[in-house]
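Notes follow the structure.
Read-outs throughout are calculated quantities, based only on the coordinates presented, and are distinct from any laboratory measurement. Computed from a predicted structure; not experimentally measured. All Cβ positions, even for glycine, are placed from backbone atoms using ideal geometry, and neighbour counts span all protein chains on display.
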Ligand SMILES: NC(=O)c1ccc[n+]([C@@H]2O[C@H](COP(=O)([O-])OP(=O)(O)OC[C@H]3O[C@@H](n4cnc5c(N)ncnc54)[C@H](O)[C@@H]3O)[C@@H](O)[C@H]2O)c1
C-alpha cells in the first residue's frame, strides 16, 4: 500500500459503509493497516467478502442497505457486539443516482438517490450516535461531494442529497459536541472508482481507462488512498478540535472547473438512473 503505519487509530473500531469498493475499500484497507478493526458494510456481497478475506481477522463484512433502518441498526449493533464498541462511523455508501435534465428526472429515481445518500447518512449517523452518546466518545464521518457545495458539478438529485449530507453534518455536530463526539464530512473530487468509471465511461469495471481519463490534462488523478488519508486524520485524535466541518479533498479540481455538462443539463439523454453499474 505504501503508507507508513502510524498507529493513529490503533485499537479503534470502525464501520465503513460502501466499503466493498472505491473510496470505502481504500479506507477499510488503510484503517486496518493502522491497527483498527473494521466492519465493511455494503450491498455487494462478493466484493465485500473478498475484501475482508484479504484484510484478515481485523475485518468483518455485513451485507447492508444503508437506506434500510433495520439493516443499519443491526450493522451498528453487530460492530458493537463483535468488536466491543464503535469508535468511527464512516457513512460513505453512495450512488450517482438520478441523471438528466431537471425537467425530465423520474421521481422514483430521485427518491432512490435521496434514500441512499441522505437517508443512508442520516440512519448511519443516528444509530452511531445511539451507541456513541453513552460512551461520550466517537467520530462520525460522511462522504459529501463538491456537487453538494456548488452548482454544475453533479446531477441534481445527487447534488441536493450531498448538500443535505453537509447540512446534516453541521447540525448533528452542534448537538454531539456536548457528548464528546465529532462529526465531519469529506468532499472528494474526481477519484478513480467504479462510480467515476461508470459515469465517465459507462463501464464501472474499467478503472485503468478512467485513471487515464482523469489524467488526460497531465493532472494527478485522485485515488481512494487520498481520501482514506483524510478519513484517517479525521478519525484520529489529531483531529480532536475538528468538528462540523467539510473537508474538500480534490486536488484543486472544484475551483478549477469550467462549465460542465451537468450545468448544461445535457449530460444524459434520456433521463434515467445510474446505480451500481445499472443504467436504466
Ligand atoms: N469517486 C469520486 O470522484 C467521488 C467524488 C465525490 C463523492 N464521492 C462519493 O464517495 C462515496 C464512495 O463512492 P466511490 O467513488 O468509492 O464509488 P464506488 O461505486 O466504488 O463505491 C460505492 C459503494 O457504495 C455501495 N452502495 C451503493 N448503494 C448502497 C446501499 N444502498 N447500501 C450499501 N452500500 C451501497 C456500492 O455497492 C459500492 O460498493 C460515495 O458517497 C460517492 O458519492 C465520490
**OP:** Translational diffusion coefficient, Stokes-Einstein: compute it for the range 1-44 using the Kirkwood radius over C-alpha pairs as Rh, at 4 °C and 1.567 mPa s, and state it as an integer in µm² s⁻¹.
**Re:** 125
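Using a Förster distance of 30 Å, how high is the FRET efficiency between residue 201 and residue 255, based on the Cβ-Cβ distance and rounded to 0.05?
Working: r = 25 Å, r/R0 = 0.84.
Computed FRET efficiency for residue 201 and residue 255 comes out at 0.75.
With the contact rule set at Cα under 8 Å and sequence spacing of 6 or more, what percent relative contact order holds for the chain? Walk me through the intermediate numbers first.
Details: 594 pairs, mean separation 58.7, N = 280.
With pairs under 8 Å counted, the relative contact order is 21 percent.
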**OP:** Throw me the Rg/Rh for the range 128-206, computed over C-alpha atoms with Kirkwood Rh, two decimals.
**Re:** 1.11
Original post:
the range 17-175: D in µm²/s via Stokes-Einstein (Kirkwood Rh, Cα pairs, 10 °C, 1.306 mPa s)?
Top reply: 99
Original post:
Dividing the alpha-carbon radius of gyration of the range 192-243 by 2.2 N^0.38 Å (N being the number of residues), what value is obtained?
Top reply: 1.47
Original post:
In the Gaussian network model of the chain, springs joining C-alpha atoms below 10 Å, which of 256, 128, 33 carries the largest mean-square fluctuation?
Top reply: 256
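Write down the percent of antiparallel bridges among all DSSP beta bridges whose residues are both part of the chain, to the nearest 5.
On the way: 5 of 33 bridges.
In the chain, DSSP labels about 15 percent of beta bridges as antiparallel.
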**OP:** Please work out, to two decimal places, the log10 of the ratio I(q)/I(0) at q = 0.12, 0.17 Å⁻¹ from a Debye calculation in which every Cα of the range 43-112 carries one identical scatterer.
**Re:** -0.46, -0.77
Subject >> Rg to Rh, two decimals, where the range 160-280 supplies the alpha carbon set and Rh follows Kirkwood >> reply: 1.02
**OP:** Give the whole-number value, in cubic angstrom per residue, of the convex hull volume spanned by the C-alpha atoms of the range 47-86.
**Re:** 61
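Taking 1 over the mean of 1/r across every pair of different Cα atoms in the range 72-140, what Kirkwood radius in Å do you get? Provide the component values of the computation, followed by the final result.
Values: mean 1/r = 0.0743 Å⁻¹.
After inverting the mean inverse Cα-Cα distance, the result is 13.5 Å.
Kirkwood hydrodynamic radius, the chain, all distinct C-alpha pairs: what's the number in Å?
Working: mean 1/r = 0.0537 Å⁻¹.
Result for the chain, one decimal place: 18.6 Å.
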Original post:
Which order do peptides 37-43, 136-142, 221-227 fall in by mean Cβ count within 10 Å, highest first?
Top reply: 37-43, 136-142, 221-227
**OP:** Give, in nm to one decimal, the length gained when the segment between residue 45 and residue 137 is fully stretched (0.36 nm per residue of separation minus the Cα-Cα distance).
**Re:** 30.1 nm
